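Here is the structure we will look at.
The values are calculated or read from the model by the stated rules, or taken from the named source; none is laboratory data. Values in this document were obtained by computation on a predicted structure and should not be read as measured data. Neighbour counts run over all protein chains shown; Cβ positions are idealised from the backbone, glycine included. To get the accessible areas, we keep the full protein, side chains included, count just its heavy atoms, and leave off ligands, DNA and RNA. Shrake-Rupley method; radii C 1.70, N 1.55, O 1.52, S 1.80 Å.
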Amino acid sequence: MMNESETSAHPSAGKGGKLFPALCSVFGTLILLSVIAVFLPLTVPRLMGYEIYEVVSGSMEPEIPVGSIIYVEDAEASEIPEGDVIAFVKGDSVITHRVEENRYVEGEFITKGDANSQEDMTPVDYDSLVGRVAFHAPMLGTFMRLMTSMTGKLYAAAFAACGVMFHMLAGVLRSRRDARRRGE
C-alpha cells in the first residue's frame with residue numbers, strides 16, 4: 001500500500017505520467033503520416049496506371065510550367081483529338097507538347113509546344129506515344145526529384161525511423177509507469 005509521501009516522490013505516477021508518452025505517440029504518428037503523405041503523389045498514381053514525369057523545359061508554359069509533374073495515362077493514338085497534350089519519346093527524352101493535328105492515315109501527330117511560335121519540325125509517330133497528359137501539378141516536379149534522389153530517400157528513412165523511435169519511447173515510458181504502479 002502506497003502512502004502519501006511515496007505518491008509525491010513519483011509525480012509521473014499521476015496524470016502527468018500519461019502526458020509525455022501520449023505526446024511521444026502523437027508526434028511519432030505525425031512523423032510517420034507525413035513521410036507517407038510526401039510519397040503519396042508519387043506512388044498512388046502509378047498504382048492507378050499513370051506514368052509520372054518532371055517538366056524540365058518551358059515549351060508548354062504558361063499551361064504547364066517548368067518544375068511541374070505531369071501524370072500521363074495510356075491512350076489510343078488514333079483517338080487523341082487536336083488540342084490534347086501528349087507525352088512522346090524523342091531520342092532519350094520524353095517530350096510533352098500539344099497535338100495540332102492527328103494524321104490518322106500517316107499514323108503521326110503534328111505537335112507544338114504552347115510557348116513555341118511554330119509547330120515541331122518533325123511529326124511524332126504513333127509508336128513514340130507514351131500517352132495523354134491527364135493532369136499536372138505545378139512545382140511538384142522539383143520536389144519529386146528531391147524525394148526520389150538518394151539523399152531524399154535517406155531523409156525519408158531517417159524521419160520514418162524517428163517516428164518509430166517515438167512510438168518505442170512511448171511504449172517504454174508506459175511500461176515503466178505501469179511497473180511503478182504495480183510496485184515492481
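Things worth noting here:
- Restricting the stretch 2-49 to residues that are farther than 30 Å from L146 by Cβ and modelled with pLDDT of 85 or more, the residue that is least open to solvent (accessible area, probe 1.4 Å) is P21.
- In the stretch 83-119, the qualifying residues are those that are among the charged types (D, E, K, R) and within 16 Å of E63 (Cβ to Cβ), and the one that is surrounded by the most Cβ atoms within 10 Å (Cβ to Cβ) is R98.
- Taken over the stretch 50-82, the criterion of being of a type in the set (A, V, I, L, M, F, W, C) and open to solvent by less than 60 Å² (accessible area, probe 1.4 Å) is satisfied by I52, V55, M60, I64, I69, I70, V72, A75, A77, I80.
- Of residues in the stretch 135-166 being more than 15 Å from the chain's Cα centre (by Cα) and buried (at least 17 other Cβ atoms within 10 Å of the Cβ), the one farthest from G49 (Cα to Cα): F166
- Residue match in the stretch 137-149 (condition: part of a strand (DSSP E or B), among the aromatic types (F, W, Y) and in contact with a helix residue (DSSP H, G or I) (Cβ under 9 Å, 6 or more places away or on another chain)): no
- Of all residues in the stretch 71-94, those that are touching a residue at least 60 places away in the same chain (Cβ under 8 Å) have Cβ atoms under 7 Å from Cβ atoms of residues that are small (G, A, S), 6 or more apart or on another chain, in Y71/A134; V72/A87; V72/G131; V72/A134; E73/G49; E73/G131; E73/A134.
- A156 being free of Cβ contacts under 8 Å to residues at least 24 places away in the same chain and either under 16 Å from I31 (Cβ atoms) or of a type in the set (S, T, Y) (or both): no
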